[in-house]
Structure formats: C-alpha cells, structure tokens
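Step one of this worksheet: look at the structure below.
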Amino acid sequence: MEKEVIATPKAPAAIGPYSQGIAAGGLIFVSGQLPVNPATGEIPEGIEAQARQSLENVKAILEQAGSCCCKVVKTTCFLADIADFAVFNKVYAEYFPKDAPARSCFQVGAIPKGAKLEVEAIAVR
C-alpha cells in the first residue's frame, strides 16, 4: 500500500520528524494539531480559542486531502486540564454536529508549546 504525504500552509508546519497528515488505504491520518495559528505562529489565549484553532488546523489538513470533518471516523483529544472538558466539547460539537466520530479524550501531563490541547483525527477520503 502506498502512502501520500498531506501538507498545507493553512495549518502549522510540522515541528519535528512527522507529516501534517498521511493518506493511505482510503484513510487520512491527521497528526496531532496544536492550536497554532499558521499565519502568525502564535497560540491564542483560552481553551475556547485554542480548541477552535486546533480544529481549524485539522479541518484544513482534511480539506487539503480531499476530505472534511463530516468524514472523520475517530479523533483523539488531549487536554492539559480535564476541567476544560465542557468548554472543549462545546467547540468540538460545532465541527462535528451530526454523526460525531468515535473519540478518546485524555488529560495529559504536558502539551508542546504550553498549549491547553491537541487534536488528532482519522477520516475517510
């Protein structure tokens, strides 16, 4: 099975030895997206703004690969503080309003760049 690297300037460039996304076998695997604004390189303040930015980054990579949020089958969400769960869910529901994908959500010890969250996704192409 061949794989295709997915890259777009509409999401932050990878900061390590990984790709923004990979398409393989009819699926798209989106690497964990920090809430970095690709235009400025900055992380917005607050959990709501950070959730929206991470999900916009996921959306941009999916669109570059010819998919969309409506085709996401699984997400993994990492929160620096599980107390942010309700606010995160409110924003998350805007991106997955119908037939939400399977999901795991964890509190983790630390997220790169001091971010409050990170989101990764798997979608159908």
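Please specify each residue of segment 5-30 satisfying the condition of being in contact (Cβ under 8 Å) with a residue 24 or more places away in the chain and assigned to a strand (DSSP E or B). Steps first, answer last, please.
Initially, segment 5-30 is screened for residues in contact (Cβ under 8 Å) with a residue 24 or more places away in the chain, giving 6-13, 15, 20-21, 23, 25-30.
Scanning segment 5-30 gives ILE6, GLY21, ALA23, LEU27, ILE28, PHE29, VAL30.
Would you confirm whether any residue within segment 50-66 is farther than 18 Å from ILE122 by Cα, assigned to a helix (DSSP H, G or I) and in contact with a Lys or Arg (Cβ under 9 Å, 6 or more places away or on another chain)? Yes, because at least one residue in segment 50-66 is farther than 18 Å from ILE122 by Cα, assigned to a helix (DSSP H, G or I) and in contact with a Lys or Arg (Cβ under 9 Å, 6 or more places away or on another chain). For segment 109-125, filtering for residues that are exposed (fewer than 13 other Cβ atoms within 10 Å of the Cβ) and touching a Phe, Trp or Tyr at 6+ places or on another chain (Cβ under 6 Å) leaves 0.
Taking the criterion of being surrounded by fewer than 16 Cβ atoms within 10 Å (Cβ to Cβ) and under 16 Å from LYS113 (Cα atoms), the residues of segment 1-36 that qualify are ALA13, ALA14, ILE15, GLY16. Filtered by the rule that a residue be over 10 Å from the mean Cα position of the chain (by Cα) and surrounded by fewer than 19 Cβ atoms within 10 Å (Cβ to Cβ), segment 48-63 gives GLU48, ALA49, GLU63.
Among the candidates ALA110, ALA86, ALA115, ALA123, the residue that is of a type in the set (A, V, I, L, M) and over 20 Å from PRO12 (Cα atoms) is uniquely ALA86.
Across segment 67-80, what is the total count of residues that are touching a Lys or Arg at 6+ places or on another chain (Cβ under 9 Å) and not in a helix (DSSP H, G or I)? Number satisfying all stated conditions: 8. Here ASN89 meets the list (1) without any contact (Cβ under 8 Å) to a residue 12 or more places away in the chain; (2) surrounded by fewer than 12 Cβ atoms within 10 Å (Cβ to Cβ) almost entirely, failing just condition (2). For segment 81-125, a residue qualifies if it is at negative phi, among the acidic types (Asp, Glu) and either modelled with pLDDT under 95 or assigned to a strand (DSSP E or B) (or both), and the qualifying residues are GLU118, GLU120.
For segment 31-49, a residue qualifies if it is in contact with a Pro (Cβ under 7 Å, 6 or more places away or on another chain) and either assigned to a helix (DSSP H, G or I) or among the aliphatic types (A, V, I, L, M) (or both), and the qualifying residues are LEU34, VAL36, ILE43.
Among the criteria (1) farther than 20 Å from ALA7 by Cα; (2) in contact with a strand residue (DSSP E or B) (Cβ under 9 Å, 6 or more places away or on another chain); (3) of a type outside the set (D, E, K, R), the one ALA121 does not fulfil is (1).
The values are calculated or read from the model by the stated rules, or taken from the named source; none is laboratory data. Everything numeric here is computed off the predicted structure, so don't read it as measured data. Neighbour counts run over all protein chains shown; Cβ positions are idealised from the backbone, glycine included.
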